[in-house]
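A.B. asks: Please read through the structure below; I'll follow up with questions.
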Amino acid sequence: MGSVEGRVVVVTGAARGLGRAHALAFAAEGAKVVVNDLGVERDGSAGTSDAANDVVEEIVAAGGEAVANAADVADWDQAHAMIRQAIDTFGRLDTLVCNAGFLRDRMLAGMSEDEWDSVTRVHLKGHFAPARHAIEYWRDESKAGHQVDARVVNTSSGAGLAGSIGQGNYATAKAGIALLTIQQAAEWGRYGVRCNAIAPDARTRMTEGVFYSAEIPEGFDEKAPENISPLVVWLGSEDCDVTGRVFENTAGQLNVCDGWQKGPIESVGDRRMTVAEAGELARRSIAGERAPQPVHGAQA
């Protein structure tokens, strides 16, 4: 018996990289998998609509169960049809893993409207739309008196937690996903749904040439996408007993990440502060708090 034996799992962006590794890992642990991928290139340009089929064939050849899906996850109706495909094919839905996305990197001062809109759309709306249709199903199941033990696993990024020079659109969307996870957990726990996110550190199409070389080292590959999947499978399993958390994950290690926390409160008492006092209070509050993580790629 695998850790997710019999669970029905949708993995978006599952034809390559992290998504592919997640889909294979879920299947190896006994899950029935909907392998979603629109088949676009790294920058979102047209690719092949049947990109998910190879992963499905690999799962089936290993004795698992899987079906392909080519939905645009940020399209409301297509996202709904993807969730319905899981339910209609396998009888229910237990876990949603949102992973799909692409990059259009540029410094903010030169970024076009389309570069901003397309990247925030696929990442942020591409997380919300599938989850919105999934929670509608789980909420109805819960209200009908059926026991729901569902999971949502979102994909944020180190860029979303600290920023990344030249990736303002991507970093902003990933920051939104981290908060979306907290919001989902707070609202959906009543229906039996736990929601968490990962900020993975791995070599994929999106990170090759930006953070890592495409060359795969000999021996243990610390940046292999497969290193991330054990945490994702656990977060998508019945054994997962946490919700509303974001985890950084790479190779054989992970750590939880806290969100915005209140620093020291500085006050002038029961009156309105002056402009000069506002500046002094701001400096004093900053002085009493540890410095934030540096933005990736920023000059010291």
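A.B. asks: Can you work out the base-10 log of I(q)/I(0) for region 1-127 at q = 0.09, 0.11, 0.12, 0.21 1/Å, using the Debye formula on its C-alpha atoms alone?
C.D. replies: Each listed q maps to, in turn, -0.26, -0.37, -0.44, -1.13.
A.B. asks: Each label point is 7 Å from the Cα along the Cα-to-Cβ direction; what then is the distance between the points at residue 109 and residue 191, in nm?
C.D. replies: 4.5 nm
A.B. asks: Now for a different question. Compute the distribution of all C-alpha to C-alpha distances in the chain, in bins of 20 Å from 0, and list the percent of pairs in each, rounded to whole numbers.
C.D. replies: In whole percents, the pair-distance histogram is 33, 53, 13, 1.
A.B. asks: If you don't mind, there's one more thing I want to ask. Taking every Cα atom in region 77-201, find the radius of gyration and the maximum pairwise distance Dmax, and write them in Å.
C.D. replies: Cα-based Rg and Dmax for region 77-201 come out at 15.8, 53 Å.
A.B. asks: Ordered by packing density, taken as the mean number of other Cβ atoms within 10 Å over each peptide's residues, highest first, how do 103-109, 183-189, 122-128 rank?
C.D. replies: Sorting 103-109, 183-189, 122-128 by mean packing, highest first, produces 122-128, 183-189, 103-109.
A.B. asks: Place +1 on the Cβ of every Lys and Arg and -1 on the Cβ of every Asp and Glu in the chain, take the dipole about the Cα centre, and give the residue among 286, 202, 112 whose Cα lies farthest towards its positive end.
C.D. replies: Toward the positive end, the furthest listed residue is 286.
A.B. asks: I would also like to ask the following. In region 119-157, whose amide N lies under 15 Å from the spot 7 Å out along Cα-to-Cβ of residue 88? List them in ranges.
C.D. replies: none
A.B. asks: May I ask you to compute the full-extension gain from residue 274 to residue 222, defined as 0.36 nm times their residue separation minus their alpha-carbon distance, rounded to one decimal in nm?
C.D. replies: 13.4 nm
A.B. asks: Along the charge dipole of region 8-257, which of 188, 156, 253 sits closest to the positive end, that is, farthest toward it, with unit charges on the beta carbon of Lys, Arg, Asp and Glu (+1, +1, -1, -1)?
C.D. replies: Highest projection toward the positive end goes to 188.
A.B. asks: While we're on this one: Okay, helix-only estimate at 222 nm for the chain: each DSSP H run of n ≥ 4 adds -39500 (n - 2.57), divide by all residues, round to 500 deg cm²/dmol; what do you get?
C.D. replies: Rounded to the nearest 500, it is -11000 deg cm²/dmol.
Coordinate-derived values only; no laboratory data. Given the structure is predicted, the values throughout are model-derived calculations rather than measurements. Because the Cβ atoms are built from the backbone with ideal geometry, glycine has one as well, and the counts that use them run over all protein chains shown.
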